[in-house]
């Protein structure tokens, strides 16, 4: 991805503020988690703009792999729908049981 495209995705994902000049530039160098998520989705959408069949999960994994490669960290796959082998069959995960 080109640098200018990444900067565009970053800028478009930032939340607007009522008075931009009252905020310091330090605050503009940080982004909230929802802004980060939006930036990743924008980058994936831009990168895969010719592939209309690509799933969102595929796009996000590709972009996250590129981003995590910069800081030498692997992406850890997580599937919230897989059953945990270490949990007992009596525990259904609902609160209030002891």
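Bear in mind that the values in this text are calculations on the coordinates, not laboratory data. These figures come from a predicted structure and were not determined experimentally. Cβ: placed from backbone, ideal geometry, glycine included. Neighbour counts: every protein chain shown.
So if R0 is 35 Å, what FRET efficiency would residue 35 and residue 81 give, r being the distance between their Cβ atoms, rounded to the nearest 0.05? Spell out each step's value before the answer.
Values: r = 27 Å, r/R0 = 0.78.
Efficiency for this residue pair is about 0.80.
Give, in nm to one decimal, the length gained when the segment between residue 57 and residue 15 is fully stretched (0.36 nm per residue of separation minus the Cα-Cα distance).
Going from the current span to full extension adds 12.8 nm.
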